[in-house]
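Engineer: Here it is, the structure, as structure tokens.
The values are calculated or read from the model by the stated rules, or taken from the named source; none is laboratory data. A quick note: this is a predicted structure, and the numbers were derived from the prediction, not measured. A quick note on method: Cβ atoms are made from the backbone with ideal geometry, for glycine too, and the neighbour counts reach across all protein chains shown.
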Amino acid sequence: MESAAVALQADHVLSCTVEELAGELVDEFRVERLAIAWDQRTADHAETPPDAWKRVGTVVSCHIPFTGDRQLLQCRPSTFTTNPPLARIDRDEIVIDAAARGPNPEEVTAYLDRTIGQVRTYSDWVNAEVDEFNVGLVGNARAMAAARREKVMNDQQLMASLGIPRRRREGTAGTDTTPAIRRKPPVRRSSPSAPGGGPLEPVIPAEEYEHILKVVRNMVLVMERSPRAFVGMKEEDLRQQFLVQLNGQYEGGATGETFNFEGKTDILVRERGRNLFIAECKFWRGAKGLSVAIDQVLGYTTWRDARVAIFLFNRDRQLTSVLEQIAPTVTGRGDFVRSIAYGGETDFRFVVRHKDDLNRELTLTILVFEIPT
């Protein structure tokens, strides 16, 4: 896990909170405990080859489905007996074989019941240690994620202090078509609480956040290629165009003017009652209007929301002049934390503080689009 933390890409580290990075590490290295479906067991039988006396025997096999890490079935827990249970592992089933000596089932039943009881006991011992391991994993993941983030931040500060323009990396810009698939944004599982810390909150993964932004960018490409269809559209009309695309991707999970905490937000992607993405759609009306939009989107966020966006539509203004005002407007605010190198000339990303918790950071992405006149 430490090696995986060190290998995290700098851009990804800067776009996530420590809690999100720790959640990724925990998800990758958590051991999945055994879950054995005792009430779904089935039985069959097979004949054994004739022995030296040409007698054909019978073996009764009890099949018990299970999920979890199958390697745990081959591990000895710290607590054990000198007579462990014997069984076969066949794909996703535990198979217990019992030799039948005649038509009397009592001996077979007794052997199966005894072995099943031993497997139950051993699986309980193993799962107790798995649970202890997973709980300890959370604290370690937080520490490793924090260390990696601190290293990346120090590197960023070092490069900024040099006073030399940063070299642009290849492949940071460009567009492609939206995949013709319907997605359901995965919510990360809450991890067990670490000693002295709360549980890792479920959040929208970074890749889904980026996918939503790509859907919006691709919709703007459609506007640029068919300008006459969008000339007279107002903010509400443009928002509806984005909602159509998002609902097509996220199975109807995007809504407009949906109440969320203290206000109404323009675009809200919700999954299983959780707000995963919050965005405001605004026409550019100056730096003051942008600051008001930031106040609005931050005012809608709850403590759990970690990623928000503002889509700025420019019409009848010099785009260069508009772009020059974005960064100064955000960096001059009291809730500004830092800027993140991101995307092309019309894409901006910042980290800001949550309005109700100075220790909670939010990722704010601002995308500027030229709308046909």
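Engineer: Answer yes if at least one residue in region 75-98 is among the acidic types (Asp, Glu) and more than 25 Å from residue 29 (Cα to Cα), and no otherwise. Explain how you work it out, then say what you get.
Structural biologist: Keep residues of region 75-98 that are among the acidic types (Asp, Glu), which gives 90, 92-93, 97.
From what's left, more than 25 Å from residue 29 (Cα to Cα): 97.
Looking through region 75-98, at least one residue is among the acidic types (Asp, Glu) and more than 25 Å from residue 29 (Cα to Cα).
Engineer: Moving to a separate point now. In region 1-35, which residue that is under 15 Å from the mean Cα position of the chain (by Cα) and among the β-branched types (Val, Ile, Thr) is surrounded by the most Cβ atoms within 10 Å (Cβ to Cβ)?
Structural biologist: My answer is 26.
Engineer: Further, regarding this structure: If you take the residues of region 331-350 that are without any contact (Cβ under 8 Å) to a residue 40 or more places away in the chain and hydrophobic (A, V, I, L, M, F, W, C), which of them is surrounded by the fewest Cβ atoms within 10 Å (Cβ to Cβ)?
Structural biologist: Filtering first and then ranking leaves 337.
Engineer: Identify, please: which residue in region 283-305 is of a type in the set (D, E, K, R) and surrounded by fewer than 21 Cβ atoms within 10 Å (Cβ to Cβ) and is, among those, modelled with the highest pLDDT?
Structural biologist: 288
Engineer: Any residue that is within 24 Å of the chain's Cα centre (by Cα), assigned to a helix (DSSP H, G or I) and at negative phi - is there at least one of those in region 351-359?
Structural biologist: no
Engineer: For region 324-350, which positions are more than 22 Å from the chain's Cα centre (by Cα) and among the hydroxyl-bearing types (Ser, Thr, Tyr)?
Structural biologist: Within region 324-350, 329, 331, 339, 346 qualify.
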